[in-house]
Amino acid sequence: MNRLILERFAYRAKWDSGRETHGWCVLIDGEPLLERIKAFEMPLARRESDGDLAGAYDPALLAGREELMGEKCGGCGVPENSVALLGCDCGWPDCWPLAVRIEITGDRVRWSGFQQPFRDWDYSGFGPFEFELAQYEGELAKLAG
């Protein structure tokens, strides 16, 4: 069982002329999701460019509560059974979303089927992650405040 933690933090967004804004650090078992995904995507991105595409997601563009509960899927160029977990670091969510399928069964939440809908990259080695529903909902409550 994995553990999800959401921590709000201030940072300078490259899409907003470097002005300070707030984002969400998504931690899975204490490790930032952005670091995990960047490490995973780096070899894939280097095949296409210098690696700048790897982990190019903006923490201010974290999906909302409805999406993270699997209640609202599709949009932002992602398949109908998935959500855009994080948006592009250019500030436009539709540009380069990190998509994931979120399923809730009983007292468990499962993130699987990660993908980058605009690249033919294989994410089969990334995830899945499974969370206890009560702990997961407790973290999502932070998004409202």
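The values are calculated or read from the model by the stated rules, or taken from the named source; none is laboratory data. Since we're looking at a predicted model, the values are computed, not measured. Because the Cβ atoms are built from the backbone with ideal geometry, glycine has one as well, and the counts that use them run over all protein chains shown.
Before moving on, here are some points about what is shown:
- Residue 107 meets all of the listed conditions (1) touching a Leu at 6+ places or on another chain (Cβ under 7 Å); (2) modelled with pLDDT under 90; (3) loosely packed, with under 15 Cβ neighbours inside 10 Å but one, namely (2).
- Failed item in (1) of a type outside the set (Asp, Glu); (2) more than 11 Å from the chain's Cα centre (by Cα); (3) closer than 21 Å to residue 23 by Cβ; (4) surrounded by 15 or more Cβ atoms within 10 Å (Cβ to Cβ), with residue 92 passing the rest: (4)
- Count - residues of segment 123-134 that are surrounded by 15 or more Cβ atoms within 10 Å (Cβ to Cβ) and either more than 9 Å from residue 109 (Cβ to Cβ) or aliphatic (A, V, I, L, M) (or both): 3
- Number of positions in segment 1-50 that are out of contact with any strand residue (DSSP E or B) (no Cβ under 8 Å at 6 or more places or on another chain) and within 24 Å of residue 139 (Cα to Cα): 3
- The single condition among (1) buried (at least 18 other Cβ atoms within 10 Å of the Cβ); (2) β-branched (Val, Ile, Thr); (3) more than 26 Å from residue 10 (Cα to Cα); (4) modelled with pLDDT of 90 or more that residue 78 does not satisfy is (4).
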